[in-house]
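One structure coming up, written as structure tokens, with questions to follow.
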Amino acid sequence: LDLYDNPDNLFVAGFIGSPAMNFLRGKVNGGGFEGPAGVHLPLASAPNGSSGRPAVYGIRPEHFALADDGAEAEVQVVEPTGSEILVAAKLGGEDVIAVFRERHKFKPGDKIRLKPDPRLVHLFDESTGKRLSA
């Protein structure tokens, strides 16, 4: 569980967990993150002096919520698995997976607004893959 909750690097973050962690490339922008196609994503806190730094934003599929102030995503595939619904979507042109325990009637082409829980975001150095700490 410690590896799942606090991965030291991109390899461990992507290896532990199913479905795998979502990774979005971009840069730290003030107190947030600017992802693909200029999508703004929340950070609980950013490392000191990291504004403008290229980074990889990691968020587990179950740590997305639907929110009016979330980033727009387009539903590609909906897969009910019984107790959960897996949603494959495009967020800023990149593929992401979101998992919901609530019942939703999404269909391909629907626009939804996904908001990562900033307390559960993982930030990694783009070049080394090492975890960045605030």
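The values are calculated or read from the model by the stated rules, or taken from the named source; none is laboratory data. As the structure is a prediction and not an experimental result, all values here were calculated from the model. Neighbour counts run over all protein chains shown; Cβ positions are idealised from the backbone, glycine included. Just so you know, the surface numbers come from the protein's heavy atoms only, side chains and all, with ligands and any DNA or RNA stripped out. Shrake-Rupley method; radii C 1.70, N 1.55, O 1.52, S 1.80 Å.
Does segment 18-25 contain at least one residue that is open to solvent by less than 30 Å² (accessible area, probe 1.4 Å), among the charged types (D, E, K, R) and in contact with a helix residue (DSSP H, G or I) (Cβ under 8 Å, 6 or more places away or on another chain)?
No; the residues of segment 18-25 include none that is open to solvent by less than 30 Å² (accessible area, probe 1.4 Å), among the charged types (D, E, K, R) and in contact with a helix residue (DSSP H, G or I) (Cβ under 8 Å, 6 or more places away or on another chain).
Which residues, taken from segment 55-83, are open to solvent by 20 Å² or more (accessible area, probe 1.4 Å) and either of a type in the set (A, V, I, L, M) or within 18 Å of the chain's Cα centre (by Cα) (or both)?
Within segment 55-83, Glu62, His63, Ala65, Leu66, Ala67, Asp68, Asp69, Glu72, Glu74, Gln76, Val77, Val78 meet the criteria.
Separate question: Can you tell me which residue among Gly93, Gly31, Gly52 is of a type outside the set (Phe, Trp, Tyr), in contact with a Pro (Cβ under 6 Å, 6 or more places away or on another chain) and open to solvent by 40 Å² or more (accessible area, probe 1.4 Å)?
Gly93
I need the full set of residues from segment 85-111 which are hydrophobic (A, V, I, L, M, F, W, C), over 24 Å from Val28 (Cα atoms) and assigned to a strand (DSSP E or B), in order please.
Answer for segment 85-111, where residues must be hydrophobic (A, V, I, L, M, F, W, C), over 24 Å from Val28 (Cα atoms) and assigned to a strand (DSSP E or B): Ile85, Leu86, Val87, Ala88, Val99, Phe100.
Quick check, is Val39 open to solvent by 10 Å² or more (accessible area, probe 1.4 Å), more than 30 Å from Thr128 (Cα to Cα), touching a residue at least 12 places away in the same chain (Cβ under 8 Å) and among the β-branched types (Val, Ile, Thr)?
Considered against the rule, which asks whether it is open to solvent by 10 Å² or more (accessible area, probe 1.4 Å), more than 30 Å from Thr128 (Cα to Cα), touching a residue at least 12 places away in the same chain (Cβ under 8 Å) and among the β-branched types (Val, Ile, Thr), Val39 comes out as no.
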